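Below is one structure; the comments refer to it alone.
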Amino acid sequence: MALISRAEAARALGVTSEAVYAAVKQGRLSTITAKDGRVMVNSETMRDEWARNTQKRIGRGPKPPGTPPKPLRPREERMTSGRITRTVESIPEYEESRARTEHLKAELLELERKQKEALLVPAADIEAKWVEIITQARTKILGIPTKAKQRIPDLDTDAMSILEDVVRETLEDLSATADYEEEAE
């Protein structure tokens, strides 16, 4: 009795090793455990067991030589029968689909080229820069009353508080306008 591995059995039977492993697991192919613990297949009985216990799949595998190919049905018939429920008009022709795909690919390549040439900038970078600019402007505007006091030493505390109120009111108005515009979008 010649013992071979499951992989060797698969090669001898002309099937995948997964098919042999499945047959062993399902009990369709008997095995013997060797002394070293490896699972082995009896090469003398495996072909008979395989033929007796394994059902052939119909319609799978290579066609015998000389078998004519199945005739193709017209496109309209394929589209209106079976599982496909779309109308023929809703499915574009191959050339049209291909042209659309090529056009979109070209647009993406154009965007990538512009980005590499620094003609396009990521929106996150622009937003970060605007936040920086607006923060600087806000800080400088809030500093107006202090600078006014330095340049006009005669300003009293009432005039300073009025200046600070006007500056804060203006900034709040600008902020409210920006919030309103964001909500409108």
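Each reported figure results from applying straightforward, stated rules to the coordinates on display, with no laboratory input. The structure displayed is predicted, hence computed values, not measured ones. Because the Cβ atoms are built from the backbone with ideal geometry, glycine has one as well, and the counts that use them run over all protein chains shown.
Which members of region 153-170 meet the condition of being surrounded by 11 or more Cβ atoms within 10 Å (Cβ to Cβ) and more than 55 Å from the chain's Cα centre (by Cα)? Break it down into steps so the answer makes sense when it comes.
Our first condition is that a residue be surrounded by 11 or more Cβ atoms within 10 Å (Cβ to Cβ); within region 153-170, this holds for 155, 159-168, 170.
The answer is Leu155, Ala159, Met160, Ser161, Ile162, Leu163.
Could you please find all residues in region 112-162 being farther than 23 Å from Leu174 by Cα and touching a Leu at 6+ places or on another chain (Cβ under 6 Å)?
Once the filter is applied, which keeps residues that are farther than 23 Å from Leu174 by Cα and touching a Leu at 6+ places or on another chain (Cβ under 6 Å), region 112-162 yields Lys114, Lys149.
Tell me which residues, restricted to region 109-132, are surrounded by 10 or more Cβ atoms within 10 Å (Cβ to Cβ) and hydrophobic (A, V, I, L, M, F, W, C). Walk me through how you get there before you give the answer.
Applying the first criterion (surrounded by 10 or more Cβ atoms within 10 Å (Cβ to Cβ)) to region 109-132 yields 109-115, 120-121, 126-132.
Hits for region 109-132 are Leu109, Leu111, Leu120, Val121, Ile126, Ala128, Trp130, Val131.
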